[in-house]
Structures are given as C-alpha cells and as structure tokens.
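Read through the structure below, which is laid out as structure tokens, and then see the notes.
The values are calculated or read from the model by the stated rules, or taken from the named source; none is laboratory data. All of these numbers come straight from a predicted model, not from anything done at the bench. No Cβ is skipped: glycine too gets one built from the backbone with ideal geometry, and neighbour counts run over all protein chains shown.
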Amino acid sequence: MKLERVKETALTLNCTFKENEILAPYTRLGIGGKSLFYIKPSKWSSVKNLFRTLIEENIPFKVMGKGTNILISDRDLNFGVVHLENFEKSVIFSGTRVEVSADTALNILAYKCLSNNFSGLEEISLIPGTVGGGVFMNAGAFGKTIFDLIEKVTILNKFGEEKIFVRNELEIGYRRTNIKDLGIVKSVTMVLQKEDKKRIKEKTEKYKKIRDLTQPWKERTCGSVFKNPEGVAAGKILEELGYKGKRKGSVKFSEKHSNFLVAEKGAKFDDAFSLIEEARQKAREKGFDLDYEMEVWQDESN
Ligand SMILES: Cc1cc2nc3c(=O)[nH]c(=O)nc-3n(C[C@H](O)[C@H](O)[C@H](O)COP(=O)(O)OP(=O)(O)OC[C@H]3O[C@@H](n4cnc5c(N)ncnc54)[C@H](O)[C@@H]3O)c2cc1C
C-alpha cells in the first residue's frame, strides 16, 4: 500500500518507476541485486515531491548518480533507489560562473566548458561520475578537487526543501563532505576562468595520458577502493601486501593500479567484498587503517 502511493506519485510526476529492479546495470562494477524500487525522475521539480512522499510513507531509499563509486550487494535489498543521472543536464553560463544541475555527468559539463572557452575542470573531467556524486564526496584528481571550483551548493533536504550553502558553510575534506547530513545536491555554481580552447585541450589530454598509463579506467571498476592514509598511497600499501593483481572469483585488484578493484564477467558481491575486507584486515595488521573511498551498499538484514 505504502509503495503503491510512491508508484502513483512517481508516475503522476512522469518519472520511471520499477519495482524489484536489478541495480547491476546502473553501476560501473556491474554488481547489484534487486532494490525495493527504482525511480528515474524526469526533472528536478519532481524530485522534491518524490522525497516528500517517500518520507511521509517512511520508505528507505538511497540516491545514485552514475554508480561509479559503489559496490552493491547482489542479494535483495530492503531500500529503493532514486537515480539522479542525466535527466535535466542543465548547464547555464553567466559571466565566468556556471550553474549546473547535479544529475549532469562531469564529462558533459567539461565538454560544455571547453566549447565556451572555460578552464577549470581539466584535472577532474575524466572522473566518470555525475556532478552530484562528485560534490557529495569532494571528488578530485591530480591535486584538484571539485570544491576548488565551487562557490555555492543548492541542497534539497529530505522534506523536499531547498537551501543554498556557500562553500565555507559546508564541511569539506579529503574525499568527504557533510552533505549526507544535510540532504542531496540539486545544483552547484562554479567559478571558471576564460582560456584558449587549444590550451584546455592540451591540459585535458595530458591528464588522460597519465590515466591511460596508470589506471584501468576503461574497465569495470569503481576507482580507488580506499582513501590514501596520511603521507602514503593506499595502492602502495596494497602492493606491498601482495594484493596487486590478487583475485577472488571474477574480481581482482588491478595489476595496473593496486587500489582499483576490477570486476570481470560473472563477478559476485561476496568475492569483491571479502577480497577488499581481507586486504583491509591485512593492512590493519601492518598498522594502516584504510577507510573506504567507495561505498558498499547492502541490506543490513542480510
Ligand atoms: C575509472 C574510474 C576512475 C575514477 N577516478 C576518480 C578520481 O580520479 N577521483 C575521484 O575522486 N573519484 C574517482 N572515481 C570514483 C567516482 O567516479 C567518483 O567518486 C564520482 O564522483 C562518483 O559519482 P557518481 O555519480 O558515479 O556517484 P555514485 O557512485 O552513483 O554514488 C556515490 C555516492 O554519491 C551519492 N550521490 C550521488 N549523487 C548525489 C547527489 N546528487 N546528491 C548527494 N549525493 C549523491 C550517492 O548516494 C553515493 O553515496 C573513479 C571511478 C572510476 C570508475
């Protein structure tokens, strides 16, 4: 009955609604079981109403962007998913500022910036997620983080109310923010610099070449499994512990980058999770506390 009301609301708002939807195809690792429901909104104004209904009915749910930073259990899950990826893709330039909706893929934003001669995203344009997913965890690469560009963030709280936060009103750290406590990212305003197209392309190409050489970034992976502890690369710790290329079933730590998990055809959650937990335990025995950079989603009742 409760879910019936959510379905009715979703369909009235022109959202896609599916019950018991398998999540694997929505993730880069290609692992993930059935969620209670799956909703893909058609516009941000419907997200507000959806959230209100989900909260009123007390139905557990999570939001997903491009699914490039999550390992999801392949058992049945006791929560639903709202898929905030590429539906509105609003990118509005004004002077040297750009206001972008959170569902927009970072590479789409980077392409539009290039087309408009704006520099700023070159280091992070190959992070394969959405703007929302990137802002949520302060994604970064090559010494640049997404928050280096951000002036303000519009956050939608769980009651569907919007609030604008300027950068210094948020807690921002290394691959973390306090956004989870506030709601979800609806849009952000970034400040960019005017630059010659040729120069932007050269910079982007330079970072792409480094990724080609050092990361299996075209494979089924979720990027770095663990954050780097202070002063040392997690990949180095894993390599020294013998995890480079180490596999369990159809999942392995990459030979190219020891901190990247790679899933092959038929990969199972249990293999992935036990492999990374085993590596974390071994690191702990050597005095390194490795925190997850990616997220693990599983049904607590399993
Ligand atoms: C090949 C590869 C390379 C990568 N390289 C990097 C890298 O260089 N640097 C880096 O930082 N990361 C990297 N990543 C990890 C990943 O791409 C980033 O963390 C990305 O920002 C995740 O975005 P997403 O849309 O895929 O989020 P998802 O994986 O879908 O979700 C991740 C988290 O973000 C939350 N979320 C998603 N959208 C929103 C929203 N609108 N509001 C609030 N929360 C939201 C989800 O609830 C979840 O908790 C890489 C991943 C891959 C596969």
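Some notes on this structure:
- Hey, ILE237 buried (at least 18 other Cβ atoms within 10 Å of the Cβ), away from the ligand (no atom under 16 Å from the Cβ) and among the β-branched types (Val, Ile, Thr) or not: yes
- Some residue of the range 110-123 being hydrophobic (A, V, I, L, M, F, W, C), outside the structural domain of PHE61 (by TED's automatic domain parsing) and either over 28 Å from ASP196 (Cβ atoms) or within 12 Å of the ligand (Cβ to nearest atom) (or both): no
- Among the conditions (1) within 10 Å of the ligand (Cβ to nearest atom); (2) in contact with a Leu (Cβ under 8 Å, 6 or more places away or on another chain), the only one that MET137 does not satisfy is (2).
- Of the strands (runs of 3 or more DSSP E) lying entirely inside the range 31-130, the ones with 1 or more residues being modelled with pLDDT of 95 or more and of a type in the set (Ser, Thr, Tyr) are found at 34-40, 91-94, 97-101.
- Only residues that are under 27 Å from GLU88 (Cβ atoms) and within 15 Å of the ligand (Cβ to nearest atom) were counted in the range 200-219, giving 2.
- Residue match in the range 127-134 (condition: among the β-branched types (Val, Ile, Thr), surrounded by fewer than 20 Cβ atoms within 10 Å (Cβ to Cβ) and either under 18 Å from LYS208 (Cα atoms) or more than 10 Å from the ligand (Cβ to nearest atom) (or both)): no
- Scope the range 204-253; condition in a strand (DSSP E or B) and touching a Ser or Thr at 6+ places or on another chain (Cβ under 8 Å); matching residues: THR221, CYS222, GLY223, LYS248
- Close pairs from the range 130-154: first under 18 Å from SER94 (Cα atoms), partner among the acidic types (Asp, Glu) and more than 8 Å from the ligand (Cβ to nearest atom), Cβ under 7 Å, at least 6 apart: THR154/GLU162
- Taken together, the residues in the range 3-27 that are farther than 17 Å from ASP270 by Cα and either not polar (S, T, N, Q) or not assigned by TED's automatic domain parsing to the domain that holds THR68 (or both) amount to 16.
- Within the range 163-180, the set of residues being within 15 Å of the ligand (Cβ to nearest atom) and assigned to a strand (DSSP E or B) comprises LYS163, ILE164, PHE165, ILE172, GLY173, ARG176, THR177.
- The residues in the range 162-191 that are in contact with a helix residue (DSSP H, G or I) (Cβ under 8 Å, 6 or more places away or on another chain) and charged (D, E, K, R) can be counted, and the count is 4.
- Residue within the range 181-199 that is surrounded by fewer than 13 Cβ atoms within 10 Å (Cβ to Cβ) and within 15 Å of the ligand (Cβ to nearest atom) present: yes
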